[in-house]
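Chemist: Take this structure, written in structure tokens, and hold onto it; I'll ask about it next.
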Amino acid sequence: MSEDLLTASVFGRLAYLDGPVFWRILRRTFGNSLPEYRVAELTRIEFWPQWDDSGDENARVEPDVFLDFNLGDPSVSVKLIVEAKLGTLPTQYAAQWLRQWTSYRDANDNDGIEVFFVAIGGMGKNVDSTIAKLVGQISSSGHDIKAVAAGWDRMLDALLEERSRCPSGPTTRIIDDMLKALGMAGYQHLSFIGGLGWQPRGWIGSLNTPLCNLR
């Protein structure tokens, strides 16, 4: 599906970057709720893992990406459960977040390791309001969750800022691949008379095939 293609194209290439660069891009995208560390190592990335649903023994949950980092010196383990949606309409929903969160937490016996639920895309026009609403719904069911969220446009901005720091070299080529993938999905900065700046465009189905090559 198109959102899966974009997720694989972007997060698959983020994993090629040096750990500190990857973490810096994530913090620029999702904000200071993610802890600040200059030492970072990605130790594991898994796309579409299937976990037992703690609420239904016959069901499974499937986050889009699972990331495991060692951060700092001495290092601490920080894990990210990523749920990606395409577009700006509010298509993220609390029940899905809760199923993924509790499935991971129950399987790992609340081991004390810091875990964040990371939502990208599908947050509506007001990301802060949407995340507060979803976290509130989860809290009302008796669960606490650490969640951060952003639109793909924030990821675009974070990549462009990193791109400006390194005008050449392998990091630049990796970032350029991600920018192309985001552009194919309609996320790009366009210059207009009057300085309108970045404008989102809808997904163009005919571009699915070339995007497959980026996966």
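Chemist: Scan the range 62-85 and tell me whether some residue there is aliphatic (A, V, I, L, M), under 23 Å from THR172 (Cβ atoms), in contact (Cβ under 8 Å) with a residue 12 or more places away in the chain and loosely packed, with under 15 Cβ neighbours inside 10 Å.
Modeler: No; the residues of the range 62-85 include none that is aliphatic (A, V, I, L, M), under 23 Å from THR172 (Cβ atoms), in contact (Cβ under 8 Å) with a residue 12 or more places away in the chain and loosely packed, with under 15 Cβ neighbours inside 10 Å.
Chemist: Pairs under 7 Å by beta carbon, first residue without any contact (Cβ under 8 Å) to a residue 24 or more places away in the chain in the range 151-178, partner of a type in the set (Val, Ile, Thr) and buried (at least 19 other Cβ atoms within 10 Å of the Cβ), six or more apart or different chains?
Modeler: Qualifying pairs under 7 Å: ARG163/ILE175.
Chemist: Can you name the residue in the range 78-104 that is farther than 19 Å from PHE11 by Cβ and outside any helix (DSSP H, G or I) and is also modelled with the lowest pLDDT among such residues?
Modeler: Out of the qualifying residues, it is THR88.
Chemist: Here is a further query. Determine if the range 136-143 includes at least one residue that is part of a helix (DSSP H, G or I) and in contact (Cβ under 8 Å) with a residue 60 or more places away in the chain.
Modeler: Within the range 136-143, none of the residues are part of a helix (DSSP H, G or I) and in contact (Cβ under 8 Å) with a residue 60 or more places away in the chain.
Chemist: So, ALA107, is that one free of Cβ contacts under 8 Å to residues at least 12 places away in the same chain, within 25 Å of ASP56 (Cβ to Cβ) and of a type in the set (Gly, Ala, Ser) or not?
Modeler: no
Chemist: Might you let me know whether the range 77-96 holds any residue that is within 22 Å of ARG163 (Cβ to Cβ) and either in contact with a Lys or Arg (Cβ under 6 Å, 6 or more places away or on another chain) or among the small types (Gly, Ala, Ser) (or both)?
Modeler: The answer is yes; a qualifying residue exists.
The values are calculated or read from the model by the stated rules, or taken from the named source; none is laboratory data. This structure is a prediction, so every number in the text was calculated from the model and none was measured. Neighbour counts are summed over all protein chains in view; Cβ atoms, including those assigned to glycine, are modelled from backbone coordinates with ideal geometry.
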